[in-house]
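In what follows, a single structure is set out as structure tokens and then discussed.
The values are calculated or read from the model by the stated rules, or taken from the named source; none is laboratory data. Just so you know, these numbers come straight off a predicted model, no measurement behind them. Every residue, glycine as well, gets a Cβ built from its backbone with ideal geometry; the counts of neighbours run over all protein chains shown. Accessible surface areas use protein heavy atoms only, side chains included; no ligands, DNA or RNA. Shrake-Rupley method; radii C 1.70, N 1.55, O 1.52, S 1.80 Å.
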Amino acid sequence: MNTDPGGCYRTPACGYPPLTLDEIYGKVLRGKAVIVDGYMEILPGVRIHPAFRAHTAGSQLLEVPTSIGKLVFGSDAYSSYEGIRDWMIANPQQTDTVQQFLAYEKCYKITGGYENCVAAHEPLSYTDKYPLTKNSWEGPNGSRMAELALATGERSRKP
């Protein structure tokens with residue numbers, strides 16, 4: 001029986017098992033994590049932007065300045081490189097279409113186009129069709145690796 005008035009603490013009803021919630025909230029309470037609600041600059045030029053319901057409630061974008069310009073990591077808010085480029089939504093049953101388009105537009109404004117918008121589940125990764133990861137190679141155990149950008153003076157790790 002759930003004795004928590006919020007209905008989430010003692011059961012996984014909110015999507016997370018109780019121990020996971022304890023771990024998350026424990027980090028916040030000990031000052032090891034911060035809950036970001038909205039926009040926040042976490043380091044100079046590294047910014048979190050809200051994407052609201054571009055995938056699910058609380059979706060966020062991460063803006064990172066690099067040697068090739070600003071990159072915006074959209075996680076699940078961006079369905080794919082082609083989706084961003086062609087303004088296609090991923091899943092209308094799970095996504096607020098307007099919010100997903102606004103997340104695409106935010107990346108266009110930050111980066112100056114779609115080329116530096118990074119999707120989480122990219123079917124074209126490590127191919128010539130996806131410019132950000134086309135400079136890729138196979139690593140240990142068949143893993144795939146790619147260099148998106150190098151810091152000033154840093155040499156490539158590509159074998």
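Hey, can you tell me all the residues within region 125-135 that are more than 13 Å from residue 85 (Cα to Cα) and open to solvent by 20 Å² or more (accessible area, probe 1.4 Å)?
Correct list: 125, 126, 127, 128, 134, 135.
Would you say residue 79 is open to solvent by less than 50 Å² (accessible area, probe 1.4 Å), at pLDDT below 85 and not β-branched (Val, Ile, Thr)?
Considered against the rule, which asks whether it is open to solvent by less than 50 Å² (accessible area, probe 1.4 Å), at pLDDT below 85 and not β-branched (Val, Ile, Thr), residue 79 comes out as yes.
Please indicate, with yes or no, whether at least one residue in region 49-58 is closer than 25 Å to residue 147 by Cβ and in a strand (DSSP E or B).
Yes, region 49-58 has at least one match.
So which of 63, 23 is in a strand (DSSP E or B) and out of contact with any Pro (no Cβ under 6 Å at 6 or more places or on another chain)?
Checking each option against the conditions leaves just 63.
Going through 54, 120 one at a time, which residue ends up being open to solvent by less than 30 Å² (accessible area, probe 1.4 Å), under 15 Å from the mean Cα position of the chain (by Cα), under 26 Å from residue 24 (Cβ atoms) and of a type in the set (Gly, Ala, Ser)?
That would be 54, the only listed residue that is open to solvent by less than 30 Å² (accessible area, probe 1.4 Å), under 15 Å from the mean Cα position of the chain (by Cα), under 26 Å from residue 24 (Cβ atoms) and of a type in the set (Gly, Ala, Ser).
Let's see how each residue does on (1) farther than 14 Å from residue 78 by Cα; (2) out of contact with any Ser or Thr (no Cβ under 8 Å at 6 or more places or on another chain); (3) modelled with pLDDT of 85 or more:
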position: 91; (1), (2), (3): no, no, no
position: 96; (1), (2), (3): no, yes, no
position: 105; (1), (2), (3): no, yes, yes
position: 108; (1), (2), (3): no, yes, yes
position: 120; (1), (2), (3): no, no, no
position: 144; (1), (2), (3): yes, no, yes
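Taking strands (runs of 3 or more DSSP E) that do not extend beyond region 113-157, which have at least 3 residues that are in contact with a strand residue (DSSP E or B) (Cβ under 7 Å, 6 or more places away or on another chain) and more than 16 Å from residue 63 (Cα to Cα)?
Hits in region 113-157: 136-138, 144-146.
Out of the residues in region 57-68 meeting the condition of being closer than 18 Å to residue 116 by Cβ and not polar (S, T, N, Q), tell me which one is surrounded by the most Cβ atoms within 10 Å (Cβ to Cβ).
Checked region 57-68; the qualifying residue surrounded by the most Cβ atoms within 10 Å (Cβ to Cβ) is 61.
When residues of region 98-115 are filtered for being on the phi < 0 side of the Ramachandran plot and either open to solvent by 50 Å² or more (accessible area, probe 1.4 Å) or touching a helix residue (DSSP H, G or I) at 6+ places or on another chain (Cβ under 6 Å) (or both), how many remain?
Residues flagged as on the phi < 0 side of the Ramachandran plot and either open to solvent by 50 Å² or more (accessible area, probe 1.4 Å) or touching a helix residue (DSSP H, G or I) at 6+ places or on another chain (Cβ under 6 Å) (or both) within region 98-115 amount to 10.
Could you tell me whether region 36-45 includes any residue that is part of a strand (DSSP E or B), open to solvent by less than 80 Å² (accessible area, probe 1.4 Å) and touching a residue at least 24 places away in the same chain (Cβ under 8 Å)?
no
Restricting attention to region 83-97, which residues are open to solvent by 70 Å² or more (accessible area, probe 1.4 Å) and in a helix (DSSP H, G or I)?
85, 86
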